[in-house]
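Before any comments, here is the structure.
The values are calculated or read from the model by the stated rules, or taken from the named source; none is laboratory data. None of the values given here were measured: they were computed from a predicted structure. Cβ atoms come from the backbone with ideal geometry, glycine included; neighbour counts cover every protein chain shown.
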Amino acid sequence: MVLDIIKALEDKLEAKYGSTANIFTDKELITAEKDYFLIDVQEVSQSPALGARFLRAHQFNITYHPLERGNRLNLYQIASELFDVLGEVTVTGGDLLKGSQMKYTLIEDEMHFDIHYDLYMRKVIDPVDPIESLEHQTSVKG
């Protein structure tokens, strides 16, 4: 599922900023030809829920690296736009995920945008007919 969310984030960023910035998911592949976004998975956790359900939480950090340094107003503008751009993403299969706990910080002319995508999932359990697996023993006292 995490790869589906990464792909959805790439698609959203490409649609909005593809002409002015590159989008990377691996630090090793970065080429600084123009401004770029780096999508980084910070943490994925899982918590049990009722029945066969569980909550899987995905925390992402999207960093924007401009080539032109010192233009903090541009960073504020892009950070503000990301609230709308990444607020909802559509993953493979058409499921819509809403982002939560969104925030950004500016550190040394780079913008760090944190966002969480949490979703409930269901564990598929093979059904077993309880009658077929029933064992019965009898004995007589006496």
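The residue that is nearest to the chain's Cα centre (by Cα), counting only those in region 9-43 that are among the aliphatic types (A, V, I, L, M) and part of a strand (DSSP E or B), is 41. Looking across region 40-75 at every residue that is under 22 Å from residue 101 (Cα atoms) and among the aliphatic types (A, V, I, L, M), the one that is surrounded by the most Cβ atoms within 10 Å (Cβ to Cβ) is identified as 62.
For region 86-108, the set of residues classified as part of a loop (DSSP other than H, G, I, E, B) and either in contact with a helix residue (DSSP H, G or I) (Cβ under 7 Å, 6 or more places away or on another chain) or surrounded by 11 or more Cβ atoms within 10 Å (Cβ to Cβ) (or both) consists of 86, 87, 91, 92, 95, listed by residue number.
You will find that of 76, 117, the residue that is in contact with a strand residue (DSSP E or B) (Cβ under 7 Å, 6 or more places away or on another chain) and of a type outside the set (Lys, Arg) is 117 and no other.
Cβ separations smaller than 9 Å between residues 6+ apart or across chains give the following pairs from region 109-128 residues that are within 30 Å of residue 81 (Cα to Cα) to residues that are among the basic types (Lys, Arg) and outside any strand (DSSP E or B): 109/69; 109/72. Considering region 28-62 alone, what residues qualify as being among the aromatic types (Phe, Trp, Tyr) and without any contact (Cβ under 8 Å) to a residue 40 or more places away in the chain? Those that are among the aromatic types (Phe, Trp, Tyr) and without any contact (Cβ under 8 Å) to a residue 40 or more places away in the chain: 36, 37. With respect to (1) loosely packed, with under 14 Cβ neighbours inside 10 Å; (2) modelled with pLDDT of 90 or more; (3) more than 19 Å from residue 7 (Cα to Cα), the lone exception for residue 78 is condition (1). The residues of region 61-85 that are assigned to a helix (DSSP H, G or I), aliphatic (A, V, I, L, M) and over 19 Å from the mean Cα position of the chain (by Cα), listed by number, are 73, 75, 78.
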